[in-house]
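The values are calculated or read from the model by the stated rules, or taken from the named source; none is laboratory data. In this text, all values refer to a predicted model and were calculated from it rather than measured experimentally. Cβ coordinates were reconstructed from backbone atoms using ideal geometry, including for glycine residues, and neighbour counts include every protein chain displayed.
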Amino acid sequence: MSGLFITFEGIEGCGKSTQVERLAKRLAKEGHETLTLREPGGTPIGEAIRDVVKFPPGHNTISPDTELLLMNASRAQLVQQAIRPALANGAIVLCDRFYDSSLAYQGHGRGLDLAKVQKAIDLAIDGIKPNLTLLLDIPLSVSQARVSDRLQSTDEIQDQFDESGTKFFERVLDGFHILAKAEPARFRIINGDKSVDNVTEEIWSSVQSHL
Ligand code: TMP
């Protein structure tokens, strides 16, 4: 693996997608070959899985194990089809969520055994790990306000995660903090409750040391 793999994590409304886009533009402007991906999704197969996990057909309740496996099926496809080849070519790969989301949402959030979650992840990632993970940290109250604004001001509709309730998201947020604390060399915690420009600058200074 000769490229650079940067992942973005955080709860709903933390600003990941905006910041991934801004970082990709800046890196490209500086002449770096950059690939931007998202999870679940990022490949045609992964995007089909994304639809199923966000909007389960027939409003069926998706079981936590099914959710875990679908997330990691999307991930396996993304690793093999996009991430591994891009890194082998020396590109900078930016991914909006990666395996920390499975540990936070399916492990801490849904309450699945963390060792079991890790097994599914290991199968999917086949040894590929991020060099840097940016956790955009916002309080739950900010997340809830941003999600409700977004649902009112865009044509986006509520997915099954948005319906999971406050206790679930408290566990997910705690989960991200536990993960970041356990791997301080890989994680940078960015305060996502500042202005968009401030967050962009903080991310840029974290990334520069890896270039
Ligand atoms: P988002 O990328 O638009 O935030 O939507 C993806 C949703 O999927 C989000 O609620 C987090 C969730 N998710 C998991 O539960 N586990 C995972 O492994 C990943 C990648 C996402």
* To do: Take the range 85-99 and flag every residue that is in a helix (DSSP H, G or I) and either hydroxyl-bearing (Ser, Thr, Tyr) or within 8 Å of the ligand (Cβ to nearest atom) (or both).
  => Tyr99
* What do you reckon, is Gly42 in contact with a Phe, Trp or Tyr (Cβ under 9 Å, 6 or more places away or on another chain), touching a residue at least 40 places away in the same chain (Cβ under 8 Å) and at positive phi? -> no
* Structure fact -> Of the residues in the range 1-32, those that are of a type in the set (Ser, Thr, Tyr), touching an Asp or Glu at 6+ places or on another chain (Cβ under 7 Å) and part of a loop (DSSP other than H, G, I, E, B) number 0
* Among Lys54, Lys29, Lys25, Lys16, which is free of Cβ contacts under 8 Å to residues at least 24 places away in the same chain and either more than 22 Å from Ile189 (Cα to Cα) or within 16 Å of the ligand (Cβ to nearest atom) (or both)? -> Lys29
* **Tabulated pairs, the range 145-170, first at pLDDT below 95, second of a type in the set (A, V, I, L, M) and exposed (fewer than 11 other Cβ atoms within 10 Å of the Cβ), C-beta under 8 angstrom, 6+ apart or interchain** => Leu151/Ile157
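Among the residues of the range 1-13, which ones are within 12 Å of the ligand (Cβ to nearest atom) and among the hydrophobic types (A, V, I, L, M, F, W, C)?
Kept after step one, since they are within 12 Å of the ligand (Cβ to nearest atom), are these residues of the range 1-13: 7-13.
Residues satisfying the conditions are Phe8, Ile11.
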* Structure fact -> Checked against (1) in a helix (DSSP H, G or I); (2) among the aliphatic types (A, V, I, L, M); (3) surrounded by 14 or more Cβ atoms within 10 Å (Cβ to Cβ), Leu35 satisfies every condition except (1)
* Asked: Quick check: is even one residue across the range 178-197 free of Cβ contacts under 8 Å to residues at least 40 places away in the same chain and touching a strand residue (DSSP E or B) at 6+ places or on another chain (Cβ under 7 Å)?
  -> no
* **Which listed residue, of Ile157, Ile203, Ile189, is within 16 Å of the ligand (Cβ to nearest atom), hydrophobic (A, V, I, L, M, F, W, C) and either farther than 29 Å from Pro56 by Cα or in a loop (DSSP other than H, G, I, E, B) (or both)** => Ile157
* To do: Tell me which residues, restricted to the range 144-160, are crowded, with 17+ Cβ neighbours inside 10 Å and touching a helix residue (DSSP H, G or I) at 6+ places or on another chain (Cβ under 7 Å).
  => Val147
* Residue satisfying all of: in the range 94-109; closer than 25 Å to Leu211 by Cβ and hydrophobic (A, V, I, L, M, F, W, C); nearest to the chain's Cα centre (by Cα) among these -> Phe98
* Structure fact -> Listed by first then second residue, the pairs whose first member lies in the range 87-102 and is on the phi > 0 side of the Ramachandran plot, whose partner is basic (Lys, Arg) and within 15 Å of the ligand (Cβ to nearest atom), with beta carbons under 7 Å and at least 6 positions apart or on separate chains, are Arg97/Arg38
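Looking only at the range 160-186, how many residues end up being out of contact with any Gly (no Cβ under 6 Å at 6 or more places or on another chain), closer than 21 Å to Pro64 by Cα and part of a helix (DSSP H, G or I)? Walk me through how you get there before you give the answer.
If we filter the range 160-186 for residues that are out of contact with any Gly (no Cβ under 6 Å at 6 or more places or on another chain), which is where we start, we get 160-167, 169-170, 173-186.
Going one step further and asking which of them are closer than 21 Å to Pro64 by Cα, we end up with 160-167, 169-170, 173-176, 178-179.
From what is left, the residues that are part of a helix (DSSP H, G or I) are 162-164, 166-167, 169-170, 173-176, 178-179.
Matching residues across the range 160-186 total 13.
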* To do: Please give the number of the condition Ile128 fails out of (1) in a helix (DSSP H, G or I); (2) over 18 Å from Ser17 (Cβ atoms).
  => (1)
